[in-house]
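Read the structure below first, then the notes.
The values are calculated or read from the model by the stated rules, or taken from the named source; none is laboratory data. What you see is a predicted model, and the numbers here were worked out from it, not measured in a lab. Positions of Cβ are backbone-derived with ideal geometry, glycine not excepted, and every protein chain shown enters the neighbour counts. Quick note on the areas: whole protein, heavy atoms, side chains included, nothing else; ligands and nucleic acids left out. Shrake-Rupley method; radii C 1.70, N 1.55, O 1.52, S 1.80 Å.
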Amino acid sequence: MEAERAWIWLPWLLLWLTVQLAVVDGKFFTPFNVSYDHRALIIDGKRRMLNSAGIHYPRATPEMWPDLIAKSKEGGADVIQTYVFWNGHEPVRGQVPLLIFGSSSGWLVGSSGLYLHLRIGPYVCAEWNFGGFPVWLRDIPGIEFRTDNAPFKEEMQRFVKKIVDLMREEKLFSWQGGPIIMLQVISSYNLSIYNTDLDCVIQMKSAQFFEFEVANAEQNILLFGYCYFRMLGLGKIENEYGNIEGSFGQKGKEYVKWAANMALGLGAGVPWVMCRQTDAPGEIIDACNAYYCDGYKPNSYNKPTLWTEDWDGWYASWGGRLPHRPVEDLAFAVARFFQRGGSFQNYYMYIPLLEKSSTWFQYFGGTNFGRSAGGPFYITSYDYDAPIDEYGLLNEPKWGHLKDLHAAIKLCEPALVAANSPQYIKLGPQQEAHVYHESTHADNLNFSIYRSESRCSAFLANIDEHSSAAVTFLGEKYTLPPWSVSILPDCKNTVFNTAKVGAQTSIKMVELGLPLSSGVSLNQRFTTKNNGCHATKSWMTIKEPIGVWSETNFTVQGILEHVNVTKDSSDYLWYITRIYISDEDISFWEENNIGPAVKIDSMRDVLRVFVNGELAGSVIGRWVKVSQPVKFVQGYNELLLLSQTVGLQNYGAFLERDGAGFRGQIKLVGFRNGDIDLSKSLWTYQVLNGFYLLSSNLIHYKILLSDRRTKNYRRKTSDPPEASNSTGQIITNMLPVGLKGEFLKVYAGEETEKAGWTDYTSEADPSIFTWYKTYFDTPAGTDPVALDLGSMGKGQAWVNGHHIGRYWTLVAPKDGCRVCDYRGAYNSDKCEFNCGKPTQTWYHVPRSWLKDEDNLLVIFEETGGNPLDISIKLRAARLICSQVSESHYPPVHKWSISSSFDGKLSLNDLTPEMNLRCQDGYVISSIEFASYGTPHGSCQEFFIGKCHASNSSSVVSEACLGRNNCSIRVSNLVFGDPCRGVVKTLAVGARCIPSSNAGSALF
């Protein structure tokens, strides 16, 4: 199946990615060692402050990787961080595809020169199907995941060792001249730390503000600020993930110790980390995962403070609102982390690394292609509100503002790595400073030291959520916006404030909305031109059979667990039984004005109930009760239950037990003689796909064949799973399961022509369980391509045999969206948007999957959508806008620090500047709005205020029209002074078009 074939390229990605990271001017790094002390990672003998960008390689195509890495590096990343997805690399037990390595891969990125943090896990969570575990793992006798369990540990060690050995063989570790500087084992296991106030002894100093000490810290430093527990914003996460280690008691603790010893024994030669593991043993560094980690301290003073997952956004679920994390708050969290002693930060979905201190987060979100989305109910898009969106476009202003933040932190790096700890200064009731200087170990501050000596940097924070604050620091006055941090690389000049966003906003639009049908006859080929040539043929259709469709079906007594049968090779599993309805039953219902119903104790994720081929109803939920009314006729009736998964569970303890399908009893109620228990009835299924039942030390089959003959098998557990067809023959190969269209691969190449398609007309009524196909030509240009499936219901889509993913037009609640205020601790419910609209309607189609013409699009529709309104769209940032005032700071990139590292900054011009930039291949074609003065409103809604320079538009037009990017100084010297004594702001809105169209558009 295509979902399985899609895994083939995953093993290549790991090595391809590392090669891209390692190459500098066509050469690998000179070998270097990586170690650490209490302050930071030490790379080649030097402490480093590192920003890292998270990129999940299977969530993008190989053709996208070079551009993603380049944009991450331009954004200030030092490191790329990625998981190793076990179920991608070993879909069949014992068959880990060879990771082929060749020097020719290096040319893709060339001079990237980034480091790599490799998270082997092997559990990844990541909203990835089954948490990254291969489904075959749950079938090993006696296995229990993520605890002191011999079968699990054996498999885990085998896989982790395989990956480490491969990295060593390919010379990818730092000491071999490769990019890997750190590895990870175990993820999201011990969350007990988040059940307390971090062992803080809290003393209330005011009604709104706290000072506290870390009770078990080896340095009893006063951590001035808000209570860390509040800042973590982890209440929701805790409920979802729980304390996994605590669920296993002592066996959980023993597992952690074993994993640490196992990892260290592999001889990787680089540090290992465990994220969210406060009892990480010995040399293993415990790191923080959260929205905020500025209060986190590792379990030993000898370990640095690392932030392995900085959640720059959040994931979305079908039928839910879309989350958004304001960049002002994200920048605040990162600045606070470095302010209070952090050294490595990773955006869970973006890319900065670990060099003289660092932070992690996802810098690039990506797409859950195929059936890779975890669950239940995670959407196909994994955009995550990351700095780079799933199409590879910059998410502005998030990307630009963080780029400036990273540059400001780099200016502070000499002081940050020189000091063993910061000097704390209280500036006000909710304001504080942390100063980094070689002499900050002194008990008392000597202001003259800061003014005369080198390597001094400071962070000034205002924790107040409501009001700005004027503070005095080292004799200078500073104004701090609410909930913000100002960064002073030389302890004097402010180069960046987290709440002052000077980066542009980019409005991504979808254009060329070409429908794949037309008013002309659907039997004719038609062409539409609009910045390119697009073509489509008529839509064609075939029906998916309702129920068992293959001769190789079987009947068994009782209800089989969904994943045991499908092995997750399909979302779909049919359960079919026959019910005899007597005349007395019919009379009983008519006389009492009642009807029968199917009741199920518990089911997940989607259930479709059919009677005699007709849909009776559907139920959606995670382990919910079912009570579905049904209508029977006199005589034999066929009851069909279609169980559907929407992503296997990817988090929590006892993951292997969750499964899918049904739990408890299935019964019919409302009958004259009482309820009918169907749990032990005969149920018919497709032939099993490697299915087996464990009974003590034997595998026991009891199969009723379709001709009603019975045969029993008793075999050793080491034997391969077998089944019998209607002729009594043994079947051991890949067997039909799921949908007939899936098994026949009607979505792929030559196979689609064998499926018996018929023409679909505009007069046809929407139909459930139907396959549709058409052809289209690729839009001209290089803009990312999306399918608009807003007219469809629920199903899956393929383009040229590539599985785009699941689609579902569930609508989010109408309420719950409100104006977003960056101030105050963030959680995933705080700034949601998209209320009252489908959670997702656009689906990414990578251009590398497309041909110039005649691209095959196949849709499987479950609920009756209209394929005639499906369209191909191009996604691009066509509108850009920005607001910069005279009170903004000069661009961070214009500051420079002397090469001698004496800590002195230089800047020739203190004038603020507006920078506008179209995406690659685009130029600014028009200025939609420009006003220097007191403009009002926001992007796309600007309007002129009482103060306005009449030459605003002409000045901006002269600087920007026809260019990909431009800079305008925000100054009276440029625009004149339209209103004396007033702080002026420049607001600009501009339109970008492809450079190929620029000539006609500009004249």
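In terms of accessible area, using a 1.4 Å probe and ignoring ligands and nucleic acids, H803, H324 rank largest first as H324, H803.
Taking only the Cα atoms of the stretch 898-978, the ratio Rg/Rh comes out at 1.09, with Rh defined as the Kirkwood radius. Heavy-atom accessible surface of T82, to the nearest 10 Å², is about 0 Å², with a 1.4 Å probe and all protein chains retained. For Y807, the solvent-accessible surface with a 1.4 Å probe is about 0 Å², rounded to the nearest 10. May I ask which of K543/K740; K794/K851; K567/K680; K543/K773; K543/K667 have a Cα-Cα span longer than 18 Å here? Those over the limit are K794/K851; K567/K680; K543/K667. With Rg and the Kirkwood Rh both taken from Cα atoms, where does Rg over Rh land for the stretch 811-882? Value, to two decimals: 1.08. When the listed pairs K73/K171; K814/K984; K508/K754; K71/K984 are checked against a 29 Å cut-off, the alpha-carbon distance exceeds it for K814/K984; K508/K754; K71/K984. Here the spin labels are modelled as points 7 Å beyond Cα on the Cα-Cβ line, and at S967 and M262 they lie 5.3 nm apart. For the peptides 481-494, 151-164, the ranking by packing is 481-494, 151-164, with the highest mean count of neighbouring Cβ atoms within 10 Å listed first.
One quarter of the surface of the convex hull around the alpha-carbon atoms of the stretch 375-414 equals 4.0 nm², the direction-averaged projected area. For the stretch 532-686, the Stokes-Einstein estimate of translational diffusion at 10 °C and a viscosity of 1.306 mPa s comes to 93 µm²/s, using the Kirkwood hydrodynamic radius over alpha-carbon pairs. Per residue, the convex hull spanned by the alpha carbons of the stretch 741-787 comes to 135 Å³. The residue among S569, S582, G558 whose Cα reaches farthest toward the positive pole of the charge dipole of the stretch 554-610, with charges on the beta-carbon of Lys, Arg, Asp and Glu, is S569. Two numbers describe the Cα atoms of the stretch 245-346: Rg and Dmax, which are 16.2, 47 Å. Could you work out the Rg to Rh ratio of the stretch 556-635, with Rh taken as the Kirkwood radius (inverse of the mean 1/r over all Cα pairs)? Computed over Cα atoms, the ratio is 1.02. Each residue of the stretch 761-774 is assigned a 3J(HN,Hα), and the resulting list reads 10, 5, 7, 5, 6, x, 10, 7, 6, 9, 9, 10, 9, 7 Hz, derived from the Karplus form 6.51 cos²θ - 1.76 cosθ + 1.60 (θ = phi - 60°), x at Gly and Pro.
With the Kirkwood sum run over all distinct C-alpha pairs, the stretch 852-1003 has a hydrodynamic radius of 18.4 Å.
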